[in-house]
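What follows is one structure encoded as structure tokens, with my remarks underneath.
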Amino acid sequence: MNKLILCVCGGGINTSANAKITIQDYIEDMGIYDIEVRHAMIGDIETLNGRKNMVVVWMTQKNEEYNAPGFQGITYLIGTKKKKAALTKEIIEKMDEIYVEL
């Protein structure tokens, strides 16, 4: 599996873990099983900078200098089901757009 959605927050425990679970539930409901969803703290993601086939969901302020498409993920904490589904769809569309077979 080389597609990755990386959920990032300050501590890598609470908000990013909640987003990860929500995204996993949505993509499984969509019948998508070829994307790994991980959560991490912001201090541990530099080794992934520039990784192919990765989209970052920022639960902190979005880092525009990080070399991967990014989305602000606060919707996964306070958004409606409809908004969460729409954001997940947008993330999947971006993944499809950037995907290159490795």
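Each value in this text was obtained by applying a stated rule to the coordinates, not by laboratory testing. Everything quoted here is computed from the prediction, not taken from an experiment. Quick reminder, even Gly has a Cβ in these numbers, built from the backbone with ideal geometry, and neighbours come from all protein chains shown.
Odds and ends about this structure:
- Around the amide H of GLY70, modelled in the peptide plane, lie the amide H atoms of VAL56, all under 5 Å away and 5 or more residues distant in sequence or on another chain.
- Using the Karplus relation 6.51 cos²θ - 1.76 cosθ + 1.60 with θ = phi - 60°, the per-residue 3J(HN,Hα) values for the range 18-31 come to 5, 5, 4, 4, 5, 4, 4, 4, 5, 5, 5, 4, 7, x Hz, with x marking Gly and Pro.
- Per-residue 3J(HN,Hα) values for the range 71-83, derived from phi via the Karplus relation 6.51 cos²θ - 1.76 cosθ + 1.60 with θ = phi - 60°, read 10, 6, x, 4, 4, 5, 9, 10, x, 6, 4, 4, 5 Hz in sequence order (x marks Gly and Pro).
- Fraction of the pair-distance distribution of the range 10-102 above 20 Å, Cα-Cα pairs, percent: 32 percent
- With the cut-off at under 16 Å, measuring from each backbone N in the range 1-37 to a point 7 Å along the Cα-to-Cβ line of LEU77 picks out 7-23.
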